Amino acid sequence: MVVVMKAGTPAVEIDKMQENLESIGCTVHRSQGENYCLLGLIGDTRKVNQSQLEANVFVEKILRVQHPFKLASRVFHPQDSIIEVDGVKIGGGNIAIMAGPCSVESEEQLMTIARSVKEVGAQILRGGAYKPRTSPYSFQGLGEEGLKLLKKAKAETGMPIVTEVMCLENFDVVEAYADILQIGARNMQNFSLLKKAGKSNKPILLKRGLSATIEELLMSAEYIMSEGNTKVILCERGIRTFETYTRNTLDLSAIPAIKELSHLPIIVDPSHAAGRWAMVEPLSKASIAVGADGLIIEVHHEPEKALSDGAQSLKPKKFVQLMDKINRIAKIY
Ligand code: PEP
Ligand code: MN
């Protein structure tokens, strides 16, 4: 970080600024000429309050040289992180496929879907027991009953489960059942939930917020990691743009961008991005081609009867085709 002082700043004010920065633990390198003064901060600048510095009338501007996220940054951890869940590897060139219904609805529904996705190579079973719905009148999920059904499906198929934790109140119960805790798009900046997830020893699937920048997503990962849990899997699930034909706009460029910035694995959710089942396969292929570490796909054997997100759910037969295409594309890249 470089603090650019205004031309003509009295020497005493520059000294004060330098002392202030040193008092919070920064090493300051001063570079001064007739009409300029730059204070270069060396070392850990996490504790620097940029907004306070900008409020100083003698400060012209602040230039950031490094990213504000450290633990999530590739600079300090050049190798890809690989997160392992019951023997399934996510990241570092391994493609992980998570599939299952949007919501757990019944034993028969979950078992039928779990068996069908397992048969064609899905490694992780998804299914929401606590659902974040836009309308309070929509199906809210089966709650703990849904978690019990997920446990049953895991016992039969051997697939680890990923399910959403929506709030602090049900954190412990979801954590007890889940193998991967999902933090949904709407909660990406729920900082209390992120801190709590940081104290868990379960991997966290952190979905990008509807209008979050890549840096904000990585700062949310940083929240989890700074509490001690470094097992964070990122997920691009589409962002809100002016386009209304699709439910969201899948930001494919986020994948190579995040690969550059971070060592954390990043997977894609084409179901919530498109909102339309017919687009799920093409977007899945594109995601793997741009370097995603996996996919999370909604599958339902009777999408026309689904209690949530039927329009974007693939029937098992279509999921078979998708797996075939993905396997072929993964071999090329
Ligand atoms: C989900 O995966 O079930 C979900 C609600 O996704 P998102 O948080 O991305 O909307
Ligand atoms: Mn859904």
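Of note:
- Among the residues making up the stretch 207-225, those that are within 16 Å of ligand 2 (Cβ to nearest atom) and either surrounded by 18 or more Cβ atoms within 10 Å (Cβ to Cβ) or within 12 Å of Asn190 (Cα to Cα) (or both) are Lys207, Arg208, Gly209.
- When residues of the stretch 130-144 are limited to those that are free of Cβ contacts under 8 Å to residues at least 24 places away in the same chain and under 17 Å from Leu210 (Cβ atoms), the one nearest to ligand 2 (Cβ to nearest atom): Thr134
- Any chance Thr134 is within 23 Å of the chain's Cα centre (by Cα), hydroxyl-bearing (Ser, Thr, Tyr) and not in a strand (DSSP E or B): yes
- For the stretch 230-263, the candidate set comprises residues that are of a type in the set (Ser, Thr, Tyr) and touching a residue at least 60 places away in the same chain (Cβ under 8 Å); within that set, the residue that is nearest to His67 (Cα to Cα) is Ser262.
- Ser271 being within 16 Å of ligand 2 (Cβ to nearest atom), closer than 20 Å to Ile161 by Cβ and either polar (S, T, N, Q) or not assigned by TED's automatic domain parsing to the domain that holds Leu150 (or both): yes
- Residues satisfying the criterion are present in the stretch 184-199 (criterion: farther than 22 Å from Ile267 by Cα, of a type outside the set (A, V, I, L, M) and touching a Gly at 6+ places or on another chain (Cβ under 8 Å)).
- Residue match in the stretch 189-199 (condition: in contact (Cβ under 8 Å) with a residue 40 or more places away in the chain and farther than 22 Å from Val104 by Cα): no
- Residues in the stretch 182-197 that are out of contact with any Pro (no Cβ under 7 Å at 6 or more places or on another chain) and of a type in the set (Lys, Arg) were compared, and the one that is surrounded by the fewest Cβ atoms within 10 Å (Cβ to Cβ) is Lys195.
- Flag for Leu307 being farther than 19 Å from Lys118 by Cβ, within 16 Å of ligand 2 (Cβ to nearest atom), in a loop (DSSP other than H, G, I, E, B) and modelled with pLDDT of 95 or more: yes
- Checking Gly127, Gly92, Gly146 one by one, the residue that is assigned by TED's automatic domain parsing to the domain that holds Tyr223, within 17 Å of Gly310 (Cα to Cα) and either touching a Lys or Arg at 6+ places or on another chain (Cβ under 6 Å) or modelled with pLDDT of 95 or more (or both) is Gly127 and no other.
- Scoring Ile97 on the criteria (1) buried (at least 22 other Cβ atoms within 10 Å of the Cβ); (2) farther than 23 Å from Ile288 by Cα; (3) of a type in the set (A, V, I, L, M, F, W, C); (4) more than 16 Å from ligand 2 (Cβ to nearest atom) leaves a single failure, condition (2).
- For the criterion of being assigned by TED's automatic domain parsing to the domain that holds Gly198, within 17 Å of the chain's Cα centre (by Cα) and charged (D, E, K, R), Glu164 passes.
- Residue check for Leu142: assigned to a loop (DSSP other than H, G, I, E, B) and surrounded by fewer than 19 Cβ atoms within 10 Å (Cβ to Cβ): no
- Matching residues in the stretch 1-58 - criterion: being closer than 21 Å to Ser226 by Cβ, assigned to a helix (DSSP H, G or I) and touching a residue at least 12 places away in the same chain (Cβ under 8 Å): Gln50
The values are calculated or read from the model by the stated rules, or taken from the named source; none is laboratory data. Everything numeric in this text was worked out from a predicted model, so none of it was measured. A quick note on method: Cβ atoms are made from the backbone with ideal geometry, for glycine too, and the neighbour counts reach across all protein chains shown.
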